[in-house]
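Visitor: This structure is in structure tokens; I'll ask about it shortly.
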Amino acid sequence: MTNSKIESDIGYVKDLVAKSDNSISPASIYVVWGIILMAGFSLIDFAPKWLGLFWMIAGPAGGLLSGILGYRAGANRGQMDREVGIKHALHWSGMMVIVFLAVLLGIKGLVHGVVNSQVILLVVALGWWTAGVHFDRIFLWLGGIMVLGFLGTLFMNRYVWTSMGVLLGTVLIVNAVRQGTKYVRR
């Protein structure tokens, strides 16, 4: 093996290692969910009749788009890890199934109005918190914000949902911008 071949191989491995610190979700996913959360949470305060339809479309569409964006980002980095992809798919689709089951509580009339939204918020808060434990630490903050927002829904009446959506969306979008500029500087 020649020195240039060894140097080339070492350079390749070095590039892969450098890319590996980018294993967090792509910034585009944070922007997608930032926008979805701002819009969806605001609907509870301003247009609750559209809430179910919005989340019925935005939740699965956002999940599918996130999967596509995550797959493309992994392919672009040369880090196609099937096991990590399966873990993400199981985590997020499992949370979506539990949310759907919580929606059934409302459909069956067992919980009404904002209480159903609060139950779903707790499910999502747990889902995002555990995503922070297993995937990306930013979700710990977001899950924590949701828990605090849940407490806000218990004790405050006006614009708690909108405030929470704006805060969550802002954290996600600022993180996306910060993440994007971090990689631009390299």
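The values are calculated or read from the model by the stated rules, or taken from the named source; none is laboratory data. On a predicted model such as this, the values are computed, not experimentally measured, just so you know. Here the Cβ is made from the backbone with ideal geometry for all residues, glycine too, and neighbour counts use every protein chain on show.
Visitor: Name the residue that is farthest from residue 176 (Cα to Cα), counting only residues in segment 1-58 that are of a type in the set (Ser, Thr, Tyr) and at pLDDT 90 or above.
Guide: Among those residues, the one meeting the criterion is 42.
Visitor: Can you tell me which of (1) closer than 16 Å to residue 38 by Cα; (2) among the aliphatic types (A, V, I, L, M); (3) at pLDDT 95 or above is the one residue 147 doesn't meet?
Guide: (1) is the only condition that residue 147 fails.
Visitor: Restrict the check to segment 101-112 and report whether at least one residue is farther than 18 Å from residue 175 by Cβ and touching a residue at least 24 places away in the same chain (Cβ under 8 Å).
Guide: Within segment 101-112, one or more residues are farther than 18 Å from residue 175 by Cβ and touching a residue at least 24 places away in the same chain (Cβ under 8 Å).
Visitor: So, one more: Report yes if residue 93 is assigned to a helix (DSSP H, G or I), crowded, with 17+ Cβ neighbours inside 10 Å and either at pLDDT below 95 or of a type in the set (Ser, Thr, Tyr) (or both), otherwise no.
Guide: When the stated conditions are applied, residue 93 does not pass them.
Visitor: Do any residues in segment 69-83 that are under 16 Å from residue 30 (Cβ atoms) have Cβ atoms under 8 Å from those of residues that are small (Gly, Ala, Ser) and modelled with pLDDT under 80, where the two are at least six apart or on different chains, and which pairs are they?
Guide: Close Cβ pairs satisfying both conditions: none exist.
Visitor: Same structure, new question: Is at least one residue of segment 114-127 in contact with a helix residue (DSSP H, G or I) (Cβ under 6 Å, 6 or more places away or on another chain), at pLDDT 95 or above and over 19 Å from residue 44 (Cα atoms)?
Guide: Yes, that holds for at least one residue.
Visitor: Within segment 104-153, work out how many residues are outside any helix (DSSP H, G or I) and farther than 19 Å from residue 93 by Cβ.
Guide: Total meeting the criteria: 7.
Residues checked against (1) touching a His at 6+ places or on another chain (Cβ under 7 Å); (2) surrounded by fewer than 16 Cβ atoms within 10 Å (Cβ to Cβ); (3) hydrophobic (A, V, I, L, M, F, W, C):
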residue	(1), (2), (3)
27	no, no, yes
51	no, no, yes
71	no, yes, no
86	no, yes, yes
109	no, yes, no
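Visitor: To continue, here is another question. I'd like the full set of residues that are in contact with a helix residue (DSSP H, G or I) (Cβ under 6 Å, 6 or more places away or on another chain) and modelled with pLDDT under 95, limited to segment 129-139.
Guide: 131, 132, 138, 139
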